[in-house]
1. Restricting attention to the range B:203-273, which trypsin sites (Lys or Arg not before Pro) occupy a DSSP loop and are surrounded by at most 13 other Cβ atoms within 10 Å?
2. Say we join alpha carbon atoms closer than 10 Å with springs in a Gaussian network model of chain A; which of A:Pro159, A:Pro257, A:Pro176 then has the biggest fluctuation?
3. Per residue of the range A:82-95, in order, report the coupling 6.51 cos²θ - 1.76 cosθ + 1.60 (Karplus, θ = phi - 60°) as ³J(HN,Hα) in whole Hz, putting x for Gly and Pro.
4. Provide Rg and Dmax in Å for the range B:275-323, with only Cα atoms included in the calculation.
5. Residues of chain A: accessible area per residue at 1.4 Å, in Å²?
6. What's the Kirkwood radius of the range B:125-310 in Å, using all Cα pairs?
7. Can you find, among B:Leu234, B:Gly255, B:Thr288, the residue sitting farthest towards the positive end of the charge dipole of the range B:224-302, where Lys and Arg contribute +1 and Asp and Glu -1 at Cβ?
8. Please give the total accessible area that chains B and A bury against each other, computed with a 1.4 Å probe and expressed in Å² to the nearest 100.
Amino acid sequence: MTADLLTTVAAPGVRARRRPVTLVTCLVILGLALFAALFGHLLYPSATQVNVLQAQLPPGSPGHLLGTDQLGRDIVALSVAGTASTLIGPLVVAGGSMLLGTFFGLLAGFWQGKTDFLLSRLTDLLLALPVVLLGVVVAGIFGASYWWTTVLLIVVFAPYDIRIVRAGVIEQVTKPYVESARLLRLSPWRIMLRHLLVNLWPLERTNFLLNYANAIIAMSALSFLGVGVQQGTANWGRQLIDGEQILFSNPAASIAPAVLIIVVACAVNLLADALNADDRKAAGR
Amino acid sequence: MGGGHLPDGGLTEVTAPADVASPALAMPVRGRSTASAVARLIAWRVTGAVVLLAVISVLVFLLTYLSPGNIIKNITGIRPVSPHIVAELRAEYGLNQPLAVQYLHWLGRFVTGNFGRSIEDQTSVSQLFSERVGVTLLLCGMAFALAVVVSIPLGVLAAVRVGGLLDRLISVTSVIGLSAPAFAVGLILLYVFSYFLPIFPSSGSGQGLADTVYHLTLPAVTLAVGVGAYIVRLTRTAMTRELRSDYVTFARARGLGSQRIMWTALRNGIIPVITTMGLVLSFMVGSTILVETTFTLPGLGMLLQSSVEYKDFAVVQFLTLFFATIIVLVMLAVDLSYLVLSPEWRWQLRR
């Protein structure tokens, strides 16, 4: 995918000089995040270890660049170690809701009629309730674990995907290539999987990235409210709720994870934006 | 998107099809007669909203039953209870009857305004609600006003010169706003404006109107960031489309004043902004929980959060149903507002 990105960027154009900067910055940020998510626990194996003797050190203390929290955990180490639990769950959410959305969206868009009607009403139901509200009530009451919260979010995110894919399919279905495929009496599944899916790819990709950014925000919001992540786990949302209590003695304890969440979500959003703009340009040519 | 789920207006410019934002247009409207088509459309939408609310109410009712643990425990909380009280509670809540009957009783109590008592402090839910609703209402109102007043002009400014420096600046800022969860923004603002530069208080909701508004300023700004960023993108996309359309080119060619052209374009461009208000509201309800928790404001969001923590079912059920009802009603109103807003419909109705 990276090679693909770089070749698209190389295309000449008025804005070509600006876009690589945005794209490269996003990719560097996401690369660093990926590295921290994969190897964070190896870099700082004792990040979550409590050390009360060194609690609430201000930023700039020797050996603790951003200081420590009320349990004496180093903020830098905790943030790096928390990358995995902050970013991997949402990745599963975005992937899972994309799969559900593609499957049901294809069904609804291709056959329309009754299937479509039922699915649309079901999506109405879930769209009527805010994600955070649903998350807090359902995951909170049932005391959901990290992975159950992930599953809940997949279900909550899927309706939006279904709508997007459905609309994309409805737009494609009237095109000549689909009609030819139908004339050739190809099976509906073959048309959907071999023909429609390829043309839905740009839509899916953009939507996946937007969902990923949203899932990062939603999941850290739930962690901030104490849902989904156990106390003591390294997680940016959890760091925020713990750090807020010592905001005035070590602001870095909560500001650092807050900035990290914003930066990563921004990078994902801008990446979606840049890829989308490239698609538009390609389509315009 | 501070925890809500908003389609990112401008980002999905090409991909988001019209029907995501305008469910009413996908309505089955048959027949030639406009009046009966309108009547059918209204009936269809109202029925849909009622069914939706009914389903949500069943789910909310089932919350107590599906939640882990004993139902009596869920009602009484952590206090110790004697078998005598258990029997009394079973009778009071009709726990020996079939589930459907229990649901109808529960719904009946709800509709007649008996929302039960909080197990936390034994006050009635309606009293708790009336104590807390003011803060949330004022917070959301201030945030919404702020977002609209700032964002719509910014969106229009960006659309006037698409690709210009100002547009790029506004667009990047709005991406940051969309990517920043309410609690993260809140914490940063809290640190900057109540510690670093101690202008605003860090918590509480104040006494009297002026003081309350003063206390709610920082939370309202926090809440407005996400909503505002969304409205900026939406306005920008809609206005760009309008300004590129044939009627604007034609008006320019005919030498109409640019102010007049802008006004007409804005009137048409604002429609998609208004028709996504249901989503904006849904977003605000989600975010108000986060903002109230961040700033320790005694509003409905914090009440919901704490009652979930204490498994205070009566309160959780009431608040969930309350928020869902408001959102469904606003979405219904938005759907019906097509009749007033869409020039096509307006034109047909006038005949």
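The values are calculated or read from the model by the stated rules, or taken from the named source; none is laboratory data. Because the structure is predicted, anything quoted here is derived from the model rather than measured. In this analysis, Cβ positions are derived from the backbone assuming ideal geometry, glycine residues included, and neighbour counts consider all displayed protein chains. For the accessible areas, the whole protein counts, side chains as well, though only heavy atoms, and no ligand, DNA or RNA atoms are used. Shrake-Rupley method; radii C 1.70, N 1.55, O 1.52, S 1.80 Å.
1. Taking the range B:203-273 and a limit of 13 other Cβ atoms within 10 Å, the loop trypsin sites (Lys or Arg not before Pro) found are B:Arg244, B:Arg254.
2. Checking each option, the largest mean-square fluctuation is seen for A:Pro176.
3. Each residue's phi maps through the Karplus curve to give x, 4, 4, 6, 7, 9, 7, x, x, 5, 5, 4, 5, x Hz.
4. For the range B:275-323, the Cα-based Rg and Dmax read 11.4, 37 Å.
5. Heavy-atom accessible area per residue stands at 44 Å².
6. 17.9 Å
7. Farthest towards the positive end: B:Gly255.
8. Approximately 5200 Å², summed over both chains.
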